[in-house]
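A.B. asks: Have a look at this one.
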Amino acid sequence: MIREYLMEDPVIMAVKNEKTLHAALRSDGKIVFLLYGALPRLEVIVRRVLGAGKMPFVHVELVDGLRPDAGLADYFAEVFGSECGIITTHTALVARARALGVPVIQRVFAVDKRSLEQGLESLKETLPDALEVIPGVVPSAIRYFHERFPELAIIAGGLIRTKKSMYDVITSGGVGVSTTDLSFWEVG
């Protein structure tokens with residue numbers, strides 16, 4: 001499902017406050033990464049995104065009041081079913097979300113060879129719906145994961161500031177980029 005959305009539009013709107021959420025809801029994009037919030041308002045925010053016909057993914061480490069353990073997948077499955085996904089760095093949460101049918105994107109920080117190898121081992125255990133490589137301006141890291149998991153939708157996030165960076169992601173095996181830069185969003 002993530003791959004299909006990204007084939008239509010490779011730009012993921014990453015929102016970090018109400019102002020950018022409003023812009024994302026008016027845009028033509030299909031996927032919204034929620035990088036802010038607090039548990040008491042989370043369901044309201046997610047329902048707004050769903051109401052706009054978009055697929056929300058909540059970065060659970062950035063929402064106040066959520067603990068990124070495996071049990072959190074049960075909450076998402078019960079409240080949202082498969083309508084709202086999770087973004088996380090936690091392997092146990094990825095595995096539980098997959099088991100419950102909750103869409104999940106695993107984030108990997110590509111800072112050195114060791115982090116790439118750890119990410120690879122984690123993917124062998126869990127195989128999420130998609131992988132987000134941070135920072136996104138490291139085509140060699142994207143290529144590294146794409147060569148080993150060609151069927152996995154790979155998203156690049158962080159430091160995407162030019163169309164060339166986006167092009168480099170796509171030609172390295174990535175299928176999309178997540179960005180908070182509204183100039184990449186086609187806001188209607």
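The values are calculated or read from the model by the stated rules, or taken from the named source; none is laboratory data. Please read these numbers as outputs of a predicted model, since none were measured by experiment. Quick reminder, even Gly has a Cβ in these numbers, built from the backbone with ideal geometry, and neighbours come from all protein chains shown. All accessible areas refer to the heavy atoms of the entire protein, side chains included, with ligands and DNA or RNA removed. Shrake-Rupley method; radii C 1.70, N 1.55, O 1.52, S 1.80 Å.
A.B. asks: Residues to consider are SER165, SER172, SER178; find the one that is among the polar types (S, T, N, Q), at pLDDT 90 or above and open to solvent by 20 Å² or more (accessible area, probe 1.4 Å).
C.D. replies: The match here is SER165.
A.B. asks: Among (1) at pLDDT below 95; (2) open to solvent by less than 10 Å² (accessible area, probe 1.4 Å), there is one condition ASP28 misses while meeting the rest; what is its number?
C.D. replies: It fails just one condition, (2).
A.B. asks: Right, next: Can you list residue pairs whose Cβ atoms sit under 7 Å apart, with the first residue in the range 68-79 being over 14 Å from ARG98 (Cα atoms) and the second being modelled with pLDDT of 95 or more? Count only pairs 6 or more apart in sequence or on different chains.
C.D. replies: PRO68/VAL60; PRO68/GLU61; PRO68/THR88; PRO68/HIS90; PRO68/LEU93; VAL79/GLU43
A.B. asks: Between residues in the range 166-186 that are without any contact (Cβ under 8 Å) to a residue 40 or more places away in the chain and residues that are among the aromatic types (Phe, Trp, Tyr) and open to solvent by less than 20 Å² (accessible area, probe 1.4 Å), which pairs lie under 8 Å by C-beta distance while being six or more apart or on different chains?
C.D. replies: Partner pairs satisfying both residue conditions: GLY173/PHE145.
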